[in-house]
Amino acid sequence: MAAPIEVSGSDTEAQPESVLAGVDRKKIQGRSLGQIAWLRLRRDKVALTGALVVLLLILLAIFGPYFVQDPLKYNQNLIDPTYNRPKSGFWHSGISSEHWLGVEPGTGRDMLARIVHGARISLLVSFLATLMSVIIGTTMGIIAGFFGGWVDYVISRAMDAFLAFPLLLFAIALVGVVADDAFGLSGNNLRVSVLVIVIGFFNWPYIGRIIRGQTLSLREREFVDAARSMGARNSYVLFKEILPNLVAPILVYSTLLIPTNILFEAALSFLGVGVNPPTPSWGGMLTLAVPIYSSDPMYMIIPGMAIFITVLAFNLFGDGLRDALDPRSR
Amino acid sequence: MFAYIVRRLIGAVLMLLLVSLVTFGIFFWLPKLAGQTTDQIAAGYVGKAPTKEAIQDTKERLGLDDPVLVQYGNYVKGIAVGRDFEAGPVTDHCPAPCLGYSFRSSQPVLETLVDRAPATASLAAGAAVIWLTGGITVGVISALRRGSLWDRATMVIALSGVSLPIYFTGMVSLQLFSYSVEIFPGGGQYTAITADPVKWFQALVLPWVTLAFLYAAMYARLTRAGMLETMNEDYIRTARAKGLPERTVVTKHALRASLTPIMTVFGLDLGLLLGGAVLTESTFGIPGLGRLAIDSIRSGDLPMVLGVTLLTSASIVIINLIVDLLYAVVDPRVRLG
């Protein structure tokens, strides 16, 4: 793809024509694809806002738990035993200067602490699961697209089969069937590993299909022919010619897969097969909100908005990244 | 054409075998891999405080000591030609297609599935109508008025729509339209259409709209992207150059070509929903296949879980086949072969 010519700097070139004397001619510079993408992304305020929120959320997930209260500490003195909801605060949410997002109905545990700890689980699971999907999907997609023939046939049919599986049901069944102590792991370490593997393993065909399509068209391009005519081997063509051209789609679809996986993890937690309580998770909080949301609506709104803001930020950033890297879109 | 359908149907059967094998593996092979003995697995199916005899009995009844592949073979045989179950002195014949009996309620699986299917089908069909008309209309208008206030506003709403978990929007809509302002009945009030069509409709309005909102958002984005791409094609310029009215150019030429990718996604989505809209059914208390699946998974009712997953996969595969056949109708460039 040709880089658009942009004018910058003020080095004046030699001007033989006297008519042009005094006209400020600027030097012409070429730009790499990365530089162009960055220039476009920098102009996209919405995507930048998304990126900023994503960055803040990542920092919050890493460092937040060291600054908030103990998410497991009961504050039963704040709970109205008759209605099983917080005594005070806006809409009986228990919001106060002590508890910024209120307290949990029933137990009085601090909501801010639970949301921050929930962010850690949510982002950890979705990032690792995305990494797994991307590794499997890219490998399978490149192999299918590059080698073609029966290899492509087998991998493509496998992808079709995965798409015909009722994923959510399978995931619930899989997570539910693993006992509390297996594969040398136990407790939440096991839970998180199982969630990552289940979500990551079931989502690879989406990215696999895209990479396969891209590889198929890249394989026929002139620069691949040129490399081959100079005697390049398969491994050289794969890693030096094709893979660098796949970085953009891999980056874009990873960014767009993360929010999907956040929703998937939240859905599993909502259905009761996420991390074990009392470890906080956003989906798990929404499950607890089901019986009580008409008397304590904030308990439903806060984790719901946490999921919404996180997913929306990743989607905005991913969309912006796609538009910046792919000039044909938009 | 005929050969194509036959080939696709054979593919569908192979797919269903694969899905059932994987489901079987999850329940019988994976626990063994994770270090459980057959006694422990059987104990899980007996219920609370299992006795030694009960465990032994369950193990024999379910054939848990057989290799997983033998158990699977028996299951497939049951679907094809029926199967005999020895329950004590009586032998019970289960005619083909036999999906076995529930471990929990002892009801035939097929009967339960048939019983639960109408609720799910009502939910999926109604929502599909709303999201297809809504999503495609919004997408087309946004693509034609790209950059306008309408385009930007609807795309922000659409992006928010795909970013919201459905159980959250479900709870919010129940809170707003059922508890605060009593327009629609609350959760868990599903009535069969045969019993009372008015109540059926009332109870399903909120679930329909909630479910359709999520999908309409997705389809609006898809349609918009597809339309933007096709509107730049040469044949659109040709159509305009021929002097066709803009309306014809948009509907007959551009939209028609953008519909194929949407149909593909629609096939997958509708197929999956017909097998049970797990989250929506849980949120609104609709006694459909999704609820059945969740309850069965929680209680370890394997025959029921297998039945639902098979039904879901079957509906995905069959609807995909229909979609592929429709391709040739919608897009004259597609030839089936």
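The values are calculated or read from the model by the stated rules, or taken from the named source; none is laboratory data. From a predicted model like this one, the values you see are computed outputs, not experimental measurements. Glycine gets a Cβ as well: all are built from the backbone with ideal geometry, and neighbour counts include every protein chain shown.
Within this structure, B:THR238 passes the test of being β-branched (Val, Ile, Thr) and modelled with pLDDT of 80 or more.
Residue under question is A:ALA113, and the condition is that it be surrounded by fewer than 20 Cβ atoms within 10 Å (Cβ to Cβ) and either away from chain B (no Cβ under 14 Å) or over 23 Å from the mean Cα position of the chain (by Cα) (or both); does it hold? Spelling it out, it is not the case that A:ALA113 is surrounded by fewer than 20 Cβ atoms within 10 Å (Cβ to Cβ) and either away from chain B (no Cβ under 14 Å) or over 23 Å from the mean Cα position of the chain (by Cα) (or both).
Each residue in the stretch A:129-170 was checked for being within 13 Å of another protein chain (Cβ to nearest Cβ) and either in contact with a Cys (Cβ under 8 Å, 6 or more places away or on another chain) or assigned to a loop (DSSP other than H, G, I, E, B) (or both), and 3 pass.
Taking the condition surrounded by 15 or more Cβ atoms within 10 Å (Cβ to Cβ) and assigned to a loop (DSSP other than H, G, I, E, B), does B:LEU214 pass?
no
Among the residues making up the stretch B:118-152, those that are hydroxyl-bearing (Ser, Thr, Tyr) and surrounded by 17 or more Cβ atoms within 10 Å (Cβ to Cβ) are B:THR120, B:SER122, B:SER142.
Yes or no: A:PRO278 touching a residue at least 60 places away in the same chain (Cβ under 8 Å), assigned to a helix (DSSP H, G or I) and either farther than 30 Å from A:LEU325 by Cα or of a type outside the set (Gly, Ala, Ser) (or both)? No: the conditions fail for A:PRO278. Any residue at all in the stretch A:87-94 that is part of a helix (DSSP H, G or I) and either within 16 Å of the chain's Cα centre (by Cα) or modelled with pLDDT of 85 or more (or both)? Checking the stretch A:87-94: not a single residue is part of a helix (DSSP H, G or I) and either within 16 Å of the chain's Cα centre (by Cα) or modelled with pLDDT of 85 or more (or both). Filtering B:GLY161, B:GLY226, B:GLY186, B:GLY243 for residues that are at positive phi and of a type outside the set (Val, Ile, Thr) leaves a single hit, B:GLY243.
A:ALA266 versus (1) buried (at least 22 other Cβ atoms within 10 Å of the Cβ); (2) facing chain B (nearest Cβ under 8 Å); (3) free of Cβ contacts under 8 Å to residues at least 24 places away in the same chain: which is the lone unmet condition? Every listed condition holds for A:ALA266 apart from (3).
Taken over the stretch B:286-298, the residue count meeting the criterion of being of a type outside the set (Lys, Arg) and within 10 Å of chain A (Cβ to nearest Cβ) is 6. Here A:LEU251 passes the criteria (1) on the phi > 0 side of the Ramachandran plot; (2) away from every other protein chain (no Cβ under 14 Å) except the one numbered (1).
Among the residues of the stretch B:217-233, those that are farther than 11 Å from B:HIS253 by Cβ and not hydrophobic (A, V, I, L, M, F, W, C) comprise B:TYR219, B:ARG221, B:THR223, B:ARG224, B:GLY226, B:GLU229, B:ASN232.
Can you name the residue in the stretch B:128-172 that is among the charged types (D, E, K, R) and within 13 Å of B:ALA225 (Cα to Cα) and is also nearest to the other protein chains (Cβ to nearest Cβ) among such residues?
B:ARG146
The number of residues in the stretch B:287-304 that are in contact (Cβ under 8 Å) with a residue 60 or more places away in the chain, within 14 Å of the chain's Cα centre (by Cα) and under 23 Å from B:GLN71 (Cβ atoms) comes to 1.
Scanning the stretch B:173-216 for residues that are in contact with a Leu (Cβ under 9 Å, 6 or more places away or on another chain), within 13 Å of chain A (Cβ to nearest Cβ) and among the aliphatic types (A, V, I, L, M) turns up B:LEU174, B:LEU214.
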